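Asker: This is the structure I have questions about; it appears just below.
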Amino acid sequence: MTVFSLTSPRSSRTGAKTRSRAHIVPFALTIVFAASAVALVAYLLWPTWSTGGADAPDKLPVSVGGTLFNLPISAIRMKIQRHSGPQERIDLDFLYPSLQAPNGPRHVTADTVDTAMQPIDRIFLSISAHHDALSPEQRTSTIYPRYLDQAATTSGDGLTMRPFRSDTPYGSEDLYSATSPALTARCTRDAATPGTCLSERRVGAADLTFRFPRSWLSQWRDVADAMDRLTAQLRGPHG
């Protein structure tokens, strides 16, 4: 006996579509829920801190050669050095005469390139471990005299200048010194670029090297006081 199906081809296709939609809907809902969950997790984990936030530290405790310093983060010139703990060397700069840490680097644009050569308003400082090398005081008293010219010039405000002989390694420099307040600075002479001075001092196991424009020596007492204040500001709690 022959049995005929009561289901027509059209109704079979309709049923198949219905079953297909029934499978698609849960799958689509699953994707939507998963995407929502990912978005929620990403929102919750996305960092909301910033370097200037209320909870961000303004200073970092840094040990150079075993000597502790508290350094303003924004004064540290190299990003790779912006971390606490022991370091071999660290480079900083400060606005002068305020001695405040700068907010950021000065950028030169096409509009300002012609006026980029402006008076420097920053004092630069490098702190490095000395590893028992010759101290700045020893260099001044035992090394530099070998190369200095005998002629000396003393200004009315107590600053003495002695040039280095031209046939020495310091032939294009002069040595400035004073006793009250104490100052020793080795300065290049003005040429195609303005002269720069270098003044060193030893603090514990670290040497501090200050760099500033030679033109500032017209107010040398202020410069000497600024270096003293910076040294005191940057020392750790046991300084």
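Here's the yes/no breakdown for (1) at pLDDT 95 or above; (2) within 28 Å of Lys59 (Cβ to Cβ); (3) assigned to a strand (DSSP E or B):
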{"residue": "His131", "(1), (2), (3)": "yes, yes, no"}
{"residue": "Leu134", "(1), (2), (3)": "yes, no, no"}
{"residue": "Ser141", "(1), (2), (3)": "yes, no, no"}
{"residue": "Pro145", "(1), (2), (3)": "yes, no, no"}
{"residue": "Gln150", "(1), (2), (3)": "no, no, no"}
{"residue": "Arg202", "(1), (2), (3)": "yes, yes, yes"}
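Asker: Within the range 140-166, count every residue that is surrounded by 14 or more Cβ atoms within 10 Å (Cβ to Cβ) and polar (S, T, N, Q).
Answerer: So the count comes out to 2.
Asker: Considering every residue within the range 228-237, establish whether at least one is assigned by TED's automatic domain parsing to the domain that holds Leu125 and in contact with a Ser or Thr (Cβ under 7 Å, 6 or more places away or on another chain).
Answerer: Within the range 228-237, not a single residue is assigned by TED's automatic domain parsing to the domain that holds Leu125 and in contact with a Ser or Thr (Cβ under 7 Å, 6 or more places away or on another chain).
Asker: Out of Arg201, Arg186, which single residue is crowded, with 17+ Cβ neighbours inside 10 Å, in contact with a helix residue (DSSP H, G or I) (Cβ under 7 Å, 6 or more places away or on another chain) and not small (Gly, Ala, Ser)?
Answerer: On the way: Arg186 fails: in contact with a helix residue (DSSP H, G or I) (Cβ under 7 Å, 6 or more places away or on another chain).
Every option except Arg201 fails the conditions.
Asker: Starting from the range 127-147, keep only residues that are free of Cβ contacts under 8 Å to residues at least 24 places away in the same chain, then list their pairs with residues that are among the hydrophobic types (A, V, I, L, M, F, W, C) and surrounded by 12 or more Cβ atoms within 10 Å (Cβ to Cβ) whose Cβ atoms are within a distance under 6 Å, requiring at least 6 positions of separation or different chains.
Answerer: Note: pairs meeting the criteria are Tyr147/Phe164.
Asker: Select, from Gln87, Gln118, the only residue that is at pLDDT below 95 and assigned by TED's automatic domain parsing to the domain that holds Phe212.
Answerer: Answer to the selection: Gln118.
Asker: Moving on to the next point. Would you check which residues across the range 182-191 are modelled with pLDDT of 95 or more and in a loop (DSSP other than H, G, I, E, B) and list them?
Answerer: First, the residues of the range 182-191 that are modelled with pLDDT of 95 or more: 182-190.
Selection gives Arg189, Asp190.
Asker: A further question on this structure: Among the residues that make up the range 226-235, is at least one of them out of contact with any Leu (no Cβ under 8 Å at 6 or more places or on another chain) and more than 29 Å from Ala129 (Cβ to Cβ)?
Answerer: No, the range 226-235 contains no residue that is out of contact with any Leu (no Cβ under 8 Å at 6 or more places or on another chain) and more than 29 Å from Ala129 (Cβ to Cβ).
The values are calculated or read from the model by the stated rules, or taken from the named source; none is laboratory data. Quick caveat: nothing in here was measured; it's all calculated off a predicted structure. Glycine gets a Cβ as well: all are built from the backbone with ideal geometry, and neighbour counts include every protein chain shown.
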